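These notes concern the structure reproduced below.
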Amino acid sequence: MVSRRILVVDDDDAVRTLLRRCLESDGYDVTEATGGKDAMEAIQGGGVDLMTLDINLEGQSGLDVAQAVRKHSDVPIVMVTGRGDVIDRIVGLEIGADDYITKPFHVREVLARVHSVLRRSGGDAPHMAGKSSHEACPEYAFAGFRAVPDRLELFDPKGAPIELTGGDFRLLKVFLERPRRVLSREQIMDLVNGADWSPLDRTIDNQVARLRKKIELEPGTPKLIKTVRGVGYTFAAEVTVSGRL
């Protein structure tokens, strides 16, 4: 099996060393960066399967780095935050981070988070490689849109591609597989993140708002992802599926 490559971005030498030893002991290849410039160079160079990113980088916010990365790549991002920085966590997830680790952390938690995010973003296959072009993937059609979540592809009614993060695609797939069903926020979080979330992760409203901005004509008065007051959400469009194995 090809070893997965993790980019560790932190300006603290001790933290970088701890993360590198932890990840290398589990079989990952690790590249280190101390700031946003080095991180962007590594991402643009390709081959990065996941990055851990400290929020409080010296002279720069990790949130700004994450936002810059999201303009060029959907590589999974695991934010590293200070204990109790709930606002930072919410903003990070809104930007497109896939998960977060709080300091101080235990190495087992780091590995569990990394394993979970990599599994959700594509298992053991190289990131962004997707499935073989000869292998059928479920294709969904709704309101003129065409989506192939397993290949991270979404096209608007005019055929133009729409850029979504890996988290956006997981959320969209949850709705596409369950059209016109009322889903509670807890159900959606379970379906998007499996068992790897806690009550502090309840930022589904922010994730839904971000997805609405990408697919709704008027996000303020959504026609596709509708709020069910006091319960959760429902995907109101008719969905057809093709290409399923």
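The values are calculated or read from the model by the stated rules, or taken from the named source; none is laboratory data. Quick caveat: nothing in here was measured; it's all calculated off a predicted structure. Quick reminder, even Gly has a Cβ in these numbers, built from the backbone with ideal geometry, and neighbours come from all protein chains shown.
Screening Gly47 on (1) over 15 Å from Arg70 (Cα atoms); (2) more than 18 Å from the chain's Cα centre (by Cα); (3) of a type outside the set (A, V, I, L, M, F, W, C) shows it passes everything except condition (2).
Scanning the stretch 42-99 for residues being crowded, with 22+ Cβ neighbours inside 10 Å and of a type in the set (Lys, Arg) gives a total of 0.
So which strands (runs of 3 or more DSSP E) stay within the stretch 152-230 end to end and still have 2 or more residues that are farther than 25 Å from Asp99 by Cα, out of contact with any Lys or Arg (no Cβ under 7 Å at 6 or more places or on another chain) and modelled with pLDDT under 90? It would help to see each step written out before you state the result.
Working: elements: 153-155, 182-184, 225-228.
By residue number, no strands (runs of 3 or more DSSP E) qualify.
All told, Gly27 meets the bar of being on the phi > 0 side of the Ramachandran plot, without any contact (Cβ under 8 Å) to a residue 40 or more places away in the chain and not charged (D, E, K, R).
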